Structures are given as structure tokens and as C-alpha cells.
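Undergrad: First the structure, which I've put down as C-alpha cells, then a few questions once you've had a look.
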Amino acid sequence: MVALETITDLQEKLVTEFHVDKNARANFSSLREKAIKSFSSLGFPTLRNEDWKYTSLSSIINLPYEIAGVEQIEKFDSSSSILKERSIELVFINGHFASKLSDTGLKPDGIVLDTFSRINDEVFSLIKSKYGALTNIDDNAMVALNTAHASDPFLVYIPDNTMVEPIIHFKFISQNKDSNVISFPRILIITGKNTEVKLLESFGSEGSGMNFSNLVSEIFVGENSRVEHFKFQSDPNESVLFNETNVVQSASCKYSNNTISMQGKLIRNNLNIVLQEEGSETELFGLFMTKDRNHIDNHTLVDHVKPNCVSNELYKGIINDRSTGVFNGKIMVRQDAQKTNAFQSNKNMLLTDTATINTKPQLEIFADDVKCSHGATTGQLDMEAMFYLQSRGISPGNAKAMLLEAFANEIVDKIKIDSLRDSIKVMLGDYLKV
Amino acid sequence: MISIKDLKVSIEGKEILKGINLEVNPGELHAIMGPNGSGKSTLASVLAGRPEYEVTGGEILYKGKDLLELPADQRAKQGIFLAFQYPVEIPGVSIANFMRSAINELRKAKNLEPLDAMDFLSEIKDKMKNMGIDLEFLNRAVNEGFSGGEKKRNEIFQMTMMDPDMIILDETDSGLDIDALKIVSEGVNNFRTDEKAFLIITHYQRLLNYIVPDYVHVIYDGRIVKSGDKSLALELEEKGYEWIKKLSKEAVEN
Ligand SMILES: Nc1ncnc2c1ncn2[C@@H]1O[C@H](COP(=O)(O)OP(=O)(O)O)[C@@H](O)[C@H]1O
Ligand SMILES: [Mg+2]
């Protein structure tokens, strides 16, 4: 395993090392078998794939990998928590739920937080038809790969009329000793009617090899519910993340997502929202910052299926050095979806001549009585403002950091959890000063 | 304080200042007048260190040292202050954050501890009050949505916070109503000491009724074409631009 493997070698390894225990309950063996067949024929996405036009995996998948096993590493450095308050902390090591490292002490009665293999039959029957319902394993190779290899997905089930006060914090930790590891965390979240929940995802990694995570989530937002979802993708260890999140919204509910990506060798986010019923609202905010030769790609899709829904999206990018950012946002308004309000905006700052942004806002409207707008702007640091700050004794480095923080804070200030917002601001300040 | 010798400045290949000579000593207040486009703001910008301008000739000594060597923030740290003709709006940066960063960088340059939030607040509040600036401005973005008068008062407020030695005001009077003009002038007059030097750029004689200059210079087409005492400002007001152009022609011919 010392020699470099070719693309097909990793693909072949992932196919040949695939196995599923047919006798275990709740293992979705036929779905997983179908998924591995699909991955096997699709292969990893390449630049020829329209959805991956600007994001190349070739340098990542050309490395030899181990597929993350279930063996648990019993400790990891969790000292720098981004929340001050105690939360429901769910730790995943290389994609596998680590119950001993997790803290579910604040879990309210009635909600279910567990892996598929440990939930009871009654709960399993409630979720059986939901798992895999929001993902497309026929065309999406990365999701097919996750579906095949996610051996024990994790369930968050929130019954009707439940308000979950503490934040549910998913900590995705990747670990390797010296080899490269690829892992497949998989989450299913179902909220009932009249519920409220705040979800936070954070990422970290350890080890000298490459950590490559392929994380897929499905979220069902129940009628009249509120789901606030925060993703803080900042791994100083330069890991690789593919993260697809599929959300379907029932009637009169609100889903908000705030994704902040600031460190990582390569991050690809797919965020797909379906406004399946009337009277719902979606808010999508994103801040992505890249430097060195790193790469962040955000693909979002908001699909307005039914009337009287509102979606509002703002993504901001700060692209430095020789790095690349991608924003591809699509709003779809179906024929039925009259009285839709859909807004999307992408604003980017390029800090060097060698930084690149590829932005593609798309609007497809099949209804006639709608209000929609979209737009993208890309600019540089405002040199007038730079001079003004410096004329007051502020050094060029601090002046630049102040202007970039001001640009970024439009997104960070949307975070209503004080301790989270404050720690992100501190990290952002440090990130922008160097 | 500052000594400008045969200063020539170009932007985008076009010569704007064509040989400026000017000496300002501590305790003196010099007024610079002249029609639009004559190079007044260019002179102010070059003194403050705006990077787009290219100095093609001459020198500027500040406190005996070569000023042109220093980047803009270093000039500010050494006591140069420019009140801008058109202060720029900076969305997302609050006045409080901006001034605190500025003050603490100045203090750091002087090897002083940073001001803590309490001390900073009490100092800033006093000075805002003196300039008739509402306290709610602390949380507003720098110059964003400020009226013309608010922007100018904000500049003078910053001057009082930073306590500079060499103060350059670029048309701080334009766009001010009479009450604001009085507040601004009072701010400047209270600030005058034997140690501080002032260069006041103005288009109108009006300001000089409130801020009385020691010297007046008239600039036209990149040159100082006439210098005198405060009576020159009145003479200029009376005789107008044609007189200036004639003077300019004579100066070039000499
Ligand atoms: N950034 C610039 N680019 C090109 N020309 C400029 C620039 N700034 C000033 N100028 C030109 O320089 C001349 C002097 O301008 P300025 O110094 O602003 O004059 P004043 O302040 O006396 O009105 C004008 O002709 C103006 O058009
Ligand atoms: Mg001017």
C-alpha cells in the first residue's frame, strides 16, 4: 500500500471492501447494495460532470486510503469548545457515533438520539420510509458512496410539540495514525409538528495523514416547526469534506442554515431545500473563506414546490492567495408555487490576483405571480476605506482585517446564539489577521 | 514643523502639483485657498500619504525628517492628521471600534498600555459631546448615512481624539450650515496651541472669519501664486478668479 493508487484503485477498493450484514436489523441492506452498484458505475465525479465543473477531486482521490473502521479511539482534544453553555454533544469519530465521548445528559424525554442499530422497533417503523428518501443515489456518486458505506446511521427524532432547549451539537472528528482515512458519517433528522430545535455541526481532525469525510444528512422539518442549523467548518488540519444536506419542509415551518467555512483543504457543500408545502420560510446564509491553494465549493438549491413560501439566501466569499471559491445557487419556482418570494445574493471579495471565484446564480421560474431576485458581485478591498483607516494610524494589516471582518460579520451576526457567535468572531479575527 | 520644497506630484501621468514651496512652523495656522481643481486636495493627500499619488520631485521634511519615506499609518502615529474633504463610508465598522483601534495603535506606538473599555468610553463621550455628536453614533458605521455636516463634525471629533501635531483640514467648512460651522471652528480654535501647526484648505473666505489664519496662500494650477496675511483672503474674495489667473501667468513667466 505504499505506492500511489490510481483513481480506479480507490474506487475499486471502496467497491470490493463494501460489505453488509444482511441479518442485522435496520441496516438497509438492499438500499446499500443498490448504492454501491451505482457508485461502482458512476465513479468519482470529474470536471466533466456539470455539477463538479470547478471542483476537482483528482488530487484527493489519487491517494491511498483506509476505510474508517468502527474501532474507537477513546480520546480526542475537546478542550476548545465553541459553545459556552452545556449542549447535547454527539461525538462522531471517523463517522461512527462514540457514545462514551458524547454527552446526552440534557436530552429531553421523548426525543431519540441514537444509531439505527440501537433504536427500538417502534421508532424504526416511524423512520423506515424516511431514510434515503431525500437522497439521489442514482446520479450522485458521492451520496451513493456514503449510503453504501454508512453502516450505522444516526437518528435524531423529535416528537410533536417538543421544544429542545439545549443545542444539539454534532462533533465530527476524523482521526488517522499515519495513513489517509475516508469516513462516512450519516445523519437522519426528523422533527414532528410544533417543534423547535437548534443544530450545530463542527469539524475537527487529528493525525498526519489525510482525513476525508463524506457526510450526508437528511432533515425533515415538521409542520409549524423551527429548525436552526449551523455548520462551522473550520479544521486547521487541512482535511477534506464532502457535505450534502437535504432538507424537506412541511407547511408553515421555518428552516434556517448558516454555514461558515474557513479552514480546510477542500470543502464541497451541497445544500438542497425543498419547500414541499405551503406557508414556509427558508433562510440560507453562508460565509466561505479560503487561502493558500484551498478550495471551497457551495452548491445550493431552493425548490419552491407550493405557494406562499419565502426563501432568502446570502452567501459571501473571501478568497485569498491562490485559492478558489465556487458558489452555485439555484432557485426553482414550480408552476404551482404562486406568491413565492425568493431572493438570493452572492458577494465575494478577491484579495489577490491569483484568487479565483466561480459564481453562478440560477433562477428557474415556472409560476407567474412571484417575486424573485438574484445577483452576484465580486470586488476587491475598498482602497479608499483602507487609506482612511490608515490615515488614523491603523496599520495596513489591521485595516484590512477590520474591513474583512465588517464584510464577514453580515453573515456571522445572523447567528443568534451569543456564545457561538462570539467564539466564531474571535476565530474569524485571528484568521483574518494573518 | 513641516517644510515642503519644490514638490511635484503626478497622478496617472498627469502633473497636478508643479512645484509647491511651503513652510509651516509650530503654533502657526496657514490657510490655503484656490479654485476647484487647482491641486489643494492633492497636496493634502500627499501629506497624509495616499499611495496613488506619485511624487516626481521635491521633498517634504516633517519634524526634520523625510516624510515621504513613511506609510500613511506611520505618519498618523507621528502626529499628522487629515480631515478629509470627502470622508469615506465604511459599512460594518462602527465608530467605536474604529476609534478604539486607532487610539490603541497610537498608544502602542508611544509604548503606552491600550485604553480599557471604560476609560476609552469616558474619553470618547466627552469629545463627542464637545462636537455636538450624538452618543448613538458610537454604534453606527463610520460615515454611513451621515449628512454632510455630520461627516465633517466627525472628522473634527477624530482630530480631538487623536491629538495630532500637524493638522490638515480639507474644505471642512463646505456643506456646513452656520451653526455647524461655529461648532467646527470652535473645535479647531480650542485645539490651537503653540505646539500645533495647521494647514486649513478652504474654498471660501467665510471660514476665516471664525478661524483666523496667520498666513494665507493662494494656489492655482499646481502652484502657490500668492502668499500674504489674512487680508489676502478678503482681497481674493473681492477680485475673484480672473485675478488669480493673471497672478498665475505672471508667476510662471518669472
Ligand atoms: N485620482 C485622480 N485621478 C486623476 N486625476 C485626479 C485625481 N485626483 C485629482 N485629480 C485631478 O487633479 C486636479 C487637482 O485636483 P484636486 O487636488 O482635487 O483639486 P482641489 O482640491 O483644489 O479642487 C484636478 O484636475 C483633478 O481632476
Ligand atoms: Mg479638494
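Undergrad: Once the piece of chain linking A:D292 and A:K414 is laid out straight, how much longer is it, given 0.36 nm per residue of separation minus the C-alpha distance between them?
TA: Details: separation 122, 0.36 × 122 = 43.92 nm, distance 2.75 nm.
Answer, rounded to one decimal: 41.2 nm.
Undergrad: Under 19 Å from a point placed 7 Å out from the Cα of A:N136 along the Cα-to-Cβ direction: which residues of segment A:165-191 have their backbone N that close?
TA: No residue qualifies, since no backbone N sits under 19 Å from the label point.
Undergrad: To continue, here is another question. Could you tell me the relative contact order of chain B? Use alpha-carbon pairs under 8 Å, at least six residues apart, and round to a whole percent.
TA: Details: 443 pairs, mean separation 69.6, N = 254.
Normalised by residue count, the contact order of chain B is 27 percent.
Undergrad: What is the antiparallel percent of DSSP beta bridges lying wholly in the protein assembly as shown, to the nearest 5?
TA: Numbers: 31 of 182 bridges.
Expressed as a percentage, antiparallel bridges in the protein assembly as shown total about 15.
Undergrad: Shape call for chain A from the C-alpha gyration tensor, a ≥ b ≥ c root eigenvalues: rounded (a/c under 1.5), prolate (a/b greater than b/c) or oblate? Please list the in-between numbers first.
TA: Working: a/c = 1.39, a/b = 1.17, b/c = 1.19.
Note, shape of chain A comes out rounded.
Undergrad: Using unit Cβ charges (K, R positive; D, E negative) and no other charged atoms, how large, in debye to the nearest 20, is the dipole of segment B:40-174 about its Cα centre?
TA: Values: 17 positive and 23 negative charges, 39 e Å.
Value, rounded to 20: 180 debye.
Undergrad: Considering only DSSP beta bridges whose two residues both sit in segment A:9-380, what percent are antiparallel, to the nearest 5?
TA: So the antiparallel bridges amount to about 5 percent of the total.
Undergrad: A further question follows. Sum up the charges of everything whose Cβ sits under 14 Å from the Cβ of A:R334, counting Lys and Arg as +1 and Asp and Glu as -1, but leave A:R334 out. It would help to have the intermediate numbers written out before the result.
TA: Values: positive: A:K306, A:K330, A:K339; negative: A:E277, A:E278, A:D303, A:D336, A:E364, A:D368, A:D369.
Local charge sum for A:R334: -4.
Undergrad: Which whole number gives the average count of other chain Cβ atoms within 10 Å of the Cβ atoms across peptide B:84-94?
TA: Working: counts 4, 0, 1, 2, 8, 4, 9, 6, 10, 10, 1.
Across B:84-94, the average partner-chain Cβ count within 10 Å equals 5.
Undergrad: Right, something else. If I take R0 = 25 Å and measure r between the Cβ atoms of B:E238 and B:N36 in this structure, what FRET efficiency does the formula 1/(1 + (r/R0)^6) give, to the nearest 0.05? Intermediate results must be reported in sequence, preceding the final value.
TA: On the way: r = 19 Å, r/R0 = 0.76.
Between B:E238 and B:N36 the formula returns 0.85.
Undergrad: How far is it, in nm, from the label point at B:D126 to the one at B:V212 when both lie 7 Å from their Cα along the line to the Cβ?
TA: Calculated label separation equals 2.8 nm.
Undergrad: Using the alpha-carbon atoms, what tilt in degrees (0 to 90, nearest 10) does helix B:231-253 show relative to the longest principal axis of chain B?
TA: Computed tilt is about 50 degrees.
Undergrad: Now, a different point. Going by Cα centres, segment A:217-268 and segment B:198-236 are how many Å apart?
TA: 63 Å
Undergrad: Do you know the relative contact order of chain A, to the nearest whole percent, from alpha carbon pairs under 8 angstrom that are 6+ apart?
TA: Numbers: 1073 pairs, mean separation 41.8, N = 434.
Contact order relative to length: 10 percent.
Undergrad: Neighbour counts of other C-beta atoms within 10 Å: give me A:L126, B:L7 arranged from fewest to most.
TA: Working: A:L126 16, B:L7 23.
Ordered from fewest to most neighbouring Cβ atoms within 10 Å, A:L126, B:L7 come out as A:L126, B:L7.
Undergrad: Still on this structure, please answer the following. Can you give the helix-only mean residue ellipticity at 222 nm for chain B, where every DSSP H stretch with n ≥ 4 adds -39500 (n - 2.57) and the sum goes over all residues, rounded to the nearest 500 deg cm²/dmol? It would help to have the intermediate numbers written out before the result.
TA: On the way: 7 runs with 96 residues, N = 254.
Theoretical 222 nm ellipticity from helices: -12000 deg cm²/dmol.
Undergrad: Kindly flag which residue pairs out of B:K182/B:K230; A:K254/A:K416; A:K34/A:K107; A:K265/A:K425; B:K18/B:K226 have an alpha-carbon separation exceeding 26 Å in this structure.
TA: Numbers: B:K182/B:K230 19 Å; A:K254/A:K416 15 Å; A:K34/A:K107 35 Å; A:K265/A:K425 21 Å; B:K18/B:K226 15 Å.
Correct reply: A:K34/A:K107.
Undergrad: A further question follows. Other chains near B:44-53: what is the mean number of their Cβ atoms within 10 Å of each residue's Cβ? Each step should come with its number before you reach the end.
TA: Values: counts 0, 2, 0, 0, 4, 3, 6, 4, 3, 0.
Mean inter-chain Cβ contacts per residue within 10 Å come to 2.
Undergrad: Further question on the same structure: Give me the dipole magnitude in Debye, nearest 20, for chain B about the Cα centre, with unit charges on the beta carbon: positive for Lys and Arg, negative for Asp and Glu.
TA: On the way: 32 positive and 42 negative charges, 39 e Å.
I would put it at about 180 debye.
Undergrad: If a/c stays under 1.5 just call it rounded; otherwise compare a/b with b/c (prolate if a/b is bigger, oblate if not). Do that for segment B:24-63, with a ≥ b ≥ c from the square roots of the Cα gyration tensor eigenvalues.
TA: Working: a/c = 2.12, a/b = 1.12, b/c = 1.90.
Judged from the Cα gyration tensor, segment B:24-63 comes out oblate (a/c at least 1.5, b/c at or above a/b).
Undergrad: Can you pull out the GluC sites (Glu not before Pro) in segment B:49-89 whose DSSP state is coil and whose Cβ has at most 12 other Cβ atoms within 10 Å?
TA: Answer in residue order: B:E52.
Undergrad: Could I have the simple spin-label model distance between A:D109 and A:T377, label points 7 Å from Cα toward Cβ, reported in nm to one decimal?
TA: 5.4 nm
Undergrad: What percent antiparallel are the DSSP beta bridges of chain B, to the nearest 5? Spell out each step's value before the answer.
TA: Details: 24 of 41 bridges.
In chain B, approximately 60 percent of DSSP beta bridges are antiparallel ones.
Undergrad: Does anyone have the angle between helix B:148-162 and the longest principal axis of chain B? Alpha-carbon axes, 0 to 90°, nearest 10?
TA: Orientation of helix B:148-162: about 70 degrees from the principal axis.
Undergrad: Continuing with the same structure: Relative contact order (percent) for segment B:11-72, with alpha-carbon contacts under 8 angstrom and 6 or more residues of separation?
TA: On the way: 29 pairs, mean separation 19.8, N = 62.
RCO, segment B:11-72: 32 percent.
Undergrad: Multiply the residue gap between B:R107 and B:K245 by 0.36 nm, knock off their C-alpha separation, and tell me the result in nm, one decimal place. Walk me through the intermediate numbers first.
TA: Details: separation 138, 0.36 × 138 = 49.68 nm, distance 4.61 nm.
Here the answer is 45.1 nm.
Undergrad: Quick check on chain B: take the gyration tensor over C-alpha atoms, sort the square-rooted eigenvalues as a ≥ b ≥ c, and tell me if it's rounded (a/c under 1.5), prolate or oblate.
TA: On the way: a/c = 1.90, a/b = 1.48, b/c = 1.28.
The shape class here is prolate.
Undergrad: In a shell of Cβ-Cβ distance under 10 Å around A:Q276, excluding A:Q276 itself, what net charge do Lys and Arg (+1) and Asp and Glu (-1) give? Before the final figure, lay out each step's value.
TA: Values: positive: A:K306; negative: A:E277, A:E278, A:D303.
Within the 10 Å Cβ shell, the charges total -2.
Undergrad: For segment A:381-434, run through the trypsin sites (Lys or Arg not before Pro) and keep only the ones in DSSP coil with at most 12 other Cβ atoms within 10 Å of their Cβ. Can you show the working numbers first?
TA: Details: sites: A:R392, A:K400, A:K414, A:K416, A:R421, A:K425, A:K433; in loops: A:R392, A:K414, A:K416.
Sites meeting the loop and neighbour criteria: A:K416.
Undergrad: Moving on to the next point. What residue among A:S225, A:N214, A:G132 has its Cα farthest toward the positive end of the dipole of segment A:9-380, where the charges are +1 on Lys, Arg and -1 on Asp, Glu, each on the Cβ?
TA: A:N214
Undergrad: How many partner chain Cβ atoms sit within 10 Å of a residue's Cβ in peptide A:377-390, on average, as a whole number? Write down the numbers at each step before the final one.
TA: Working: counts 0, 0, 0, 0, 0, 4, 4, 8, 7, 4, 11, 13, 11, 12.
Across A:377-390, the average partner-chain Cβ count within 10 Å equals 5.
Undergrad: Relative to the longest principal Cα axis of chain B, at what angle does helix B:95-109 sit, 0 to 90 degrees, rounded to 10?
TA: The two axes meet at around 80 degrees.
Undergrad: Also: Net charge within 12 Å of A:K107 by Cβ-Cβ distance, Lys/Arg positive one each and Asp/Glu negative one each, not counting A:K107 itself? Walk me through the numbers on the way to the answer.
TA: On the way: positive: A:R86; negative: A:E89, A:D103, A:D109, A:D114, A:E165.
Overall, the nearby charge balance is -4.
Read-outs throughout are calculated quantities, based only on the coordinates presented, and are distinct from any laboratory measurement. Given the structure is predicted, the values throughout are model-derived calculations rather than measurements. Here the Cβ is made from the backbone with ideal geometry for all residues, glycine too, and neighbour counts use every protein chain on show.
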